Amino acid sequence: MPRPHRRRQERPREDSLDRLIAGWKRTEVRGGVEWYVQPLTAAQAQKEYICPGCRSVIPAATAHLVVWRADGVLGDAADLAARRHWHNGCWKRT
């Protein structure tokens with residue numbers, strides 16, 4: 001006997017701000033400025049980025065850090081829009 005078709009409940013989509021804020025992150029202070037630092041695993045890293053520390057490419061599928069200001073005056077959305085992707089070693093050297 002065939003099973004009845006049940007409609008799946010759709011999960012609400014989270015925008016990137018909610019997803020990053022809800023994800024595992026830590027705060028660090030560098031040069032008197034507070035920063036959010038969130039590690040990305042190789043599986044999560046789906047695009048190529050330029051590291052601001054060394055100006056070289058962070059290839060897709062490479063674990064790295066996403067960093068954005070925690071104390072910006074323009075609000076969380078503006079700070080998140082200005083986030084940067086760093087090599088782990090480059091961020092440690094700053």
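The values are calculated or read from the model by the stated rules, or taken from the named source; none is laboratory data. Here the structure is a predicted model, which is why all the values come from computation and not from measurement. All Cβ positions, even for glycine, are placed from backbone atoms using ideal geometry, and neighbour counts span all protein chains on display.
Odds and ends about this structure:
- Of the strands (runs of 3 or more DSSP E) lying entirely inside the stretch 24-94, those containing at least 2 residues that are surrounded by fewer than 16 Cβ atoms within 10 Å (Cβ to Cβ) and not aromatic (Phe, Trp, Tyr) are 26-30, 33-40.
- Some residue of the stretch 5-20 being polar (S, T, N, Q), surrounded by 10 or more Cβ atoms within 10 Å (Cβ to Cβ), modelled with pLDDT under 65 and within 18 Å of His85 (Cα to Cα): yes
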